[in-house]
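The structure under discussion appears below in the form of structure tokens.
The values are calculated or read from the model by the stated rules, or taken from the named source; none is laboratory data. What you see is a predicted model, and the numbers here were worked out from it, not measured in a lab. All Cβ positions, even for glycine, are placed from backbone atoms using ideal geometry, and neighbour counts span all protein chains on display. The area values use the complete protein model at the heavy-atom level, side chains included, leaving out ligands, DNA and RNA. Shrake-Rupley method; radii C 1.70, N 1.55, O 1.52, S 1.80 Å.
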Amino acid sequence: MIRKTIVIVNKLGMHARPATLIVKAASKYRSDFRIIKEDMEINGKSIMGVMTLAAEYGSELELVADGVDEEFLIKEIAELFVSKFGEE
Amino acid sequence: MKKISVEEFYRTKKKDFSLSVITNPKTLEKDITSQYLNRPGLAFAGYFERFAYKRIQILGETEISYLQSLKEEDQYNSIKEVLVYDIPCIIVTKGLSLPQQMEFLANEMTIPLLSSRLTTDKLYHSLRKYLGEVFSPSKTIHGSLLDVFGVGILLTGKSGIGKSECALDLVERGRCLVTDDVVKIFAQEDVLFGTSTNEYGHFMEVRGVGLIDVEKMFGIQAVRKQKRIDVQIELMPWKDTMDYERIGLGDNFVDILGVKIPIIYLPVSPGKNVAVVIEVVAMNHILKLYGYDAAKVYTQKLQKDLQKKAKLRHASIEGGE
């Protein structure tokens with residue numbers, strides 16, 4: 001199991017489009033993927049789950065991947081956050 | 001180019017348009033090649049610029065009373081000048097009696113002359129509608145067509161994916177079947193219509209069972225003859241690599257006969273109740289027509305929430321400093 005903490009750096013926060021990108025990226029992998037924000041923990045492969053986090057600009061998330069390809073999953077997802085999902 | 005013979009037109013529509021044939025039956029061999037109609041009043045008066053002679057010519061009271069106002073010789077010449085054109089068919093309305101030379105000349109020139117008991121206005125509109133259907137672009141595709149809560153759902157997908165079973169499931173839930181397996185689609189003024197090519201009734205094949213008669217089995221309320229097509233749903237086997245729609249913000253469209261309708265790619269897997277999903281698609285389509293788009297509403301709420309929270313966070317950081 002790997003854990004990684006990231007901060008939302010795109011201005012609009014995790015709205016529908018970034019949420020879709022995360023879910024689609026994560027769904028390619030076999031590992032389980034969870035995202036934790038404060039006291040909320042959701043399945044990172046569920047679009048409703050990811051949007052329910054309502055993670056705004058500046059908020060902190062913990063990514064948790066567990067499975068055979070966990071490293072690759074975390075790497076790709078973290079890159080998405082860093083690239084600001086191609087936004088500002 | 002599409003065409004229909006006057007003979008076929010007369011045979012299929014004589015009741016609807018209360019038609020009778022004046023000229024001898026041999027004249028009916030001519031073909032109608034245009035969906036438009038023409039009133040030849042100006043041609044009778046001698047003006048032949050832009051005379052649309054390839055269309056069916058409609059003679060109403062105006063034309064007839066004009067011809068009858070002429071002296072016999074002028075009348076003969078006037079009619080003859082028009083009938084030398086290769087006219088597909090002439091229809092006189094209201095059962096009006098024609099100048100005697102008209103029948104003679106039409107027979108001479110082998111131009112079919114029909115009489116309708118309808119008024120000019122009524123005949124004009126019904127005939128335009130009928131010809132519009134005959135000449136509209138059409139094609140047949142492999143799929144099923146259903147009426148789900150008034151929404152015309154065109155169900156497509158590879159053979160064996162379960163279209164028929166899904167259609168059956170919907171019928172069993174009280175929805176209407178238009179046709180299974182082969183859908184004849186035609187476009188009319190940016191609207192698609194679908195109907196069956198089979199004239200025997202609403203039969204369908206269920207794998208492992210054979211043919212069933214849906215109307216006999218589920219009753220007349222379970223079937224329809226024709227339906228406007230609103231949405232296409234393409235059933236496809238579940239593939240991990242396929243990008244399925246997750247939120248529904250961006251609609252996909254498909255072009256059928258030059259008309260664009262939304263298309264939904266629906267993954268199917270064993271044990272999944274596709275019929276329920278199709279009902280949901282239909283209801284969501286209605287909601288969108290009424291101006292309510294759930295995906296838009298939800299994402300807008302989320303966006304607002306995110307902005308508010310970001311502002312609060314910013315304020316609390318500044319306040320803390």
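Within the span defined as the range B:140-149, every residue fails to be free of Cβ contacts under 8 Å to residues at least 60 places away in the same chain and in a helix (DSSP H, G or I). Return yes when B:Lys239 is within 14 Å of chain A (Cβ to nearest Cβ) and among the charged types (D, E, K, R) and no when it is not. Yes. Scanning the range A:24-59 for residues that are over 26 Å from B:Lys311 (Cα atoms) and under 10 Å from the mean Cα position of the chain (by Cα) gives A:Ala25, A:Ala26, A:Phe33, A:Arg34, A:Asn43, A:Lys45. Scan B:Tyr36, B:Tyr130 and give me the residue that is among the aromatic types (Phe, Trp, Tyr), outside the structural domain of B:Asp190 (by TED's automatic domain parsing), within 25 Å of B:Lys3 (Cα to Cα) and open to solvent by 40 Å² or more (accessible area, probe 1.4 Å). Within the list B:Tyr36, B:Tyr130, the selection yields B:Tyr36.
Against the conditions (1) touching a helix residue (DSSP H, G or I) at 6+ places or on another chain (Cβ under 8 Å); (2) on the phi > 0 side of the Ramachandran plot, where does B:Gln75 fall short? Just the number, please. Among (1) touching a helix residue (DSSP H, G or I) at 6+ places or on another chain (Cβ under 8 Å); (2) on the phi > 0 side of the Ramachandran plot, B:Gln75 violates only (2).
Taken over the range B:96-135, the residue count meeting the criterion of being part of a loop (DSSP other than H, G, I, E, B) and touching a Gly at 6+ places or on another chain (Cβ under 6 Å) is 1. The numbered conditions (1) within 11 Å of chain A (Cβ to nearest Cβ); (2) free of Cβ contacts under 8 Å to residues at least 12 places away in the same chain are all true for B:Glu318 except (1). Scanning the range B:260-310 for residues that are open to solvent by less than 50 Å² (accessible area, probe 1.4 Å) and facing chain A (nearest Cβ under 9 Å), we see that the one that is farthest from B:Cys176 (Cα to Cα) is B:Ala310.
You will find that of B:Arg11, B:Arg50, the residue that is surrounded by fewer than 14 Cβ atoms within 10 Å (Cβ to Cβ), without any contact (Cβ under 8 Å) to a residue 40 or more places away in the chain and either over 19 Å from B:Tyr124 (Cα atoms) or not assigned by TED's automatic domain parsing to the domain that holds B:His125 (or both) is B:Arg50 and no other. Considering chain A, the qualifying helices (runs of 4 or more DSSP H), each wholly inside and each with 2 or more residues that are surrounded by 15 or more Cβ atoms within 10 Å (Cβ to Cβ) and within 10 Å of another protein chain (Cβ to nearest Cβ), run over A:16-27, A:47-52. Within the range B:229-262, take every residue that is farther than 17 Å from B:Lys288 by Cα and assigned to a strand (DSSP E or B) and give me the one that is farthest from the chain's Cα centre (by Cα). It comes out as B:Pro237.
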